[in-house]
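Here's the structure we're looking at; comments come further down.
The values are calculated or read from the model by the stated rules, or taken from the named source; none is laboratory data. Predicted model, so just to flag it, every value in this text is computed and none were measured. Please note: Cβ atoms are built from the backbone with ideal geometry, for glycine as well, and neighbour counts cover all protein chains shown.
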Amino acid sequence: MHLRGRDFLDLADFTSEEIQEFLHTASLLKMMKRSGISHTPLTGKTLGMIFEKPSTRTRVSFEVATYELGGHALYLGASDLQLKRGETIGDTAQTLSRYLSGIMGRVYSHQTLMELAQYAHIPVINGLSDIHHPCQALGDLLTIKEKKGGFQGVKLTYIGDGNNVCNSLLIGGAKVGLNVSVATPPGYEPPTRIVEQATLISKTTGSTMEITNDLNQAIKKADAVYTDVWASMGQESETEARKKIFLTYQVNIKLLSFAAPEVIVLHCLPAHRGEEITDEVMDGIHSAVFDQAENRLHAQKAVLALLL
Ligand code: CP
Ligand code: NVA
């Protein structure tokens, strides 16, 4: 009951035990789906999904998750809402609270979600902002737990841009006691505030956080190697410049040979094949990217079932 009614904006807002509870519930719901056992705690409930940016996984997995839990999901394109014509976020949040049981938002600015959450009387779930992607990280932790049997002593190496996905992995990894190493080109490190926060949390769970520009250092003994696009949504104008800057930070077969022998490869998707990851790695035996994509469904079911 301590989770009911809460917002899900940033994994830092939850204790390690609460994150473990999300993961445990996700595994349970996954097992129930596999066994054909239906569970419909969202009967009579509707989730509104506000999208300022495109999406494949987040949109479909949230819609299916809500449906399978007995509820109904509404796609709300941000440009179709009166928000587009100047209605305030606060008025929108208060109005939607009269119809819905929860709001999921994919937005440009994290501030938009904070404002929605401030005025809404129902849980607001972050479906990606410029700073965080907690639903992604929760699905990723579920994947690592399944593939590696737990988190203690497991090393996750993130290679590429210190972006929203990286930030949530640092926070989520620290919360569950995963050792996280991040290698980025100089100037593309995750924000200092997030690194400091993750480091502080990791001290309570006995794990380590490392931020470096040295790819070879980061990849050593990695149990999971993770990458994401070099230019995120909203950074399209930097795409060409970033291709040059990130060139050597590609996850390819040669790089993978320096990781642990049983390494798994993760990517939040969508991938730009041939840029941050090669076809060989994406489609190779170490790749877990589609199991990872599937786990968004199970992880988000846990979030919906526990919060709404
Ligand atoms: N990983 C992820 O959030 O994918 P979408 O952009 O397709 O939702
Ligand atoms: N970092 C990427 C993740 C997409 C799921 C972006 O924000 O575009």
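Among 293, 271, 241, which is in contact (Cβ under 8 Å) with a residue 60 or more places away in the chain, among the hydrophobic types (A, V, I, L, M, F, W, C) and out of contact with any Phe, Trp or Tyr (no Cβ under 7 Å at 6 or more places or on another chain)? Don't jump to the end; show me each part of the working.
Details: 271 fails: in contact (Cβ under 8 Å) with a residue 60 or more places away in the chain; 241 fails: in contact (Cβ under 8 Å) with a residue 60 or more places away in the chain.
On inspection, the qualifying residue turns out to be 293.
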Legend entry - Flag for residue 78 being farther than 15 Å from residue 302 by Cβ, surrounded by 15 or more Cβ atoms within 10 Å (Cβ to Cβ) and not basic (Lys, Arg): yes
Legend entry - Considering residues of segment 90-109 that are over 23 Å from residue 63 (Cβ atoms) and not polar (S, T, N, Q) only, the residue farthest from ligand 2 (Cβ to nearest atom): 91
Inset, instruction - Give me the pairs, please: first residue somewhere in segment 70-92 and modelled with pLDDT under 95, second residue anywhere and exposed (fewer than 13 other Cβ atoms within 10 Å of the Cβ), beta-carbon distance under 7 Å, and either six or more positions apart or on two chains. - result: 78/84
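Would segment 274-284 turn up any residue that is free of Cβ contacts under 8 Å to residues at least 24 places away in the same chain and in a helix (DSSP H, G or I)?
Looking for residues that are free of Cβ contacts under 8 Å to residues at least 24 places away in the same chain and in a helix (DSSP H, G or I), one finds at least one in segment 274-284, hence yes.
Report, by residue number, each residue of segment 198-225 that is more than 15 Å from residue 171 (Cα to Cα) and in a strand (DSSP E or B).
Those that are more than 15 Å from residue 171 (Cα to Cα) and in a strand (DSSP E or B): 212, 224, 225.
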Legend entry - residue 149 being on the phi > 0 side of the Ramachandran plot, away from ligand 2 (no atom under 14 Å from the Cβ) and not acidic (Asp, Glu): yes
Legend entry - Within segment 93-119, considering residues that are part of a loop (DSSP other than H, G, I, E, B) and without any contact (Cβ under 8 Å) to a residue 40 or more places away in the chain, the one farthest from the chain's Cα centre (by Cα): 98
Inset, instruction - Scan segment 144-164 for residues that are surrounded by fewer than 24 Cβ atoms within 10 Å (Cβ to Cβ) and either within 17 Å of residue 14 (Cβ to Cβ) or in contact with a strand residue (DSSP E or B) (Cβ under 8 Å, 6 or more places away or on another chain) (or both) and jot them down. - result: 145, 147, 148, 151, 153, 154, 162
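Could you look through segment 82-92, keep only residues that are of a type outside the set (Ser, Thr, Tyr) and surrounded by 17 or more Cβ atoms within 10 Å (Cβ to Cβ), and pick out the one that is farthest from the chain's Cα centre (by Cα)?
Taking segment 82-92 and keeping what is of a type outside the set (Ser, Thr, Tyr), we get 82-87, 89-91.
With surrounded by 17 or more Cβ atoms within 10 Å (Cβ to Cβ) added as a condition, the list becomes 83, 89.
Numbers: 83: 26, 89: 24 Å.
The selected residue is 83.
Please work out which residue is nearest to residue 132 (Cα to Cα), limiting yourself to segment 256-268 and to residues that are without any contact (Cβ under 8 Å) to a residue 60 or more places away in the chain and away from ligand 2 (no atom under 16 Å from the Cβ).
So the first thing to find is which residues in segment 256-268 are without any contact (Cβ under 8 Å) to a residue 60 or more places away in the chain, and the list is 256-258, 261-263, 265, 267.
If we keep only those that are away from ligand 2 (no atom under 16 Å from the Cβ) as well, we get 256-258, 261-263, 265.
On the way: 256: 27, 257: 30, 258: 29, 261: 31, 262: 29, 263: 25, 265: 21 Å.
Restricting to residues being without any contact (Cβ under 8 Å) to a residue 60 or more places away in the chain and away from ligand 2 (no atom under 16 Å from the Cβ), the top hit is 265.
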Inset, instruction - Go through (1) farther than 25 Å from residue 106 by Cβ; (2) polar (S, T, N, Q); (3) within 16 Å of ligand 2 (Cβ to nearest atom) and name the single condition residue 248 misses. - result: (3)
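Being free of Cβ contacts under 8 Å to residues at least 60 places away in the same chain and closer than 22 Å to residue 131 by Cβ narrows it down to one of 159, 201, 211, 171, so name that one. Walk me through how you get there before you give the answer.
On the way: 159 fails: free of Cβ contacts under 8 Å to residues at least 60 places away in the same chain; 201 fails: free of Cβ contacts under 8 Å to residues at least 60 places away in the same chain; 171 fails: free of Cβ contacts under 8 Å to residues at least 60 places away in the same chain.
Only one candidate qualifies: 211.
Tell me the residue from 130, 140 that is under 30 Å from residue 175 (Cα atoms), in contact with a strand residue (DSSP E or B) (Cβ under 9 Å, 6 or more places away or on another chain) and either within 16 Å of ligand 2 (Cβ to nearest atom) or in a loop (DSSP other than H, G, I, E, B) (or both), please. Quick ask: steps written out before the conclusion?
On the way: 130 fails: in contact with a strand residue (DSSP E or B) (Cβ under 9 Å, 6 or more places away or on another chain).
Checking each option against the conditions leaves just 140.
Quick check on my filter: what residues within segment 51-75 are in a strand (DSSP E or B), more than 16 Å from ligand 2 (Cβ to nearest atom) and crowded, with 20+ Cβ neighbours inside 10 Å?
73
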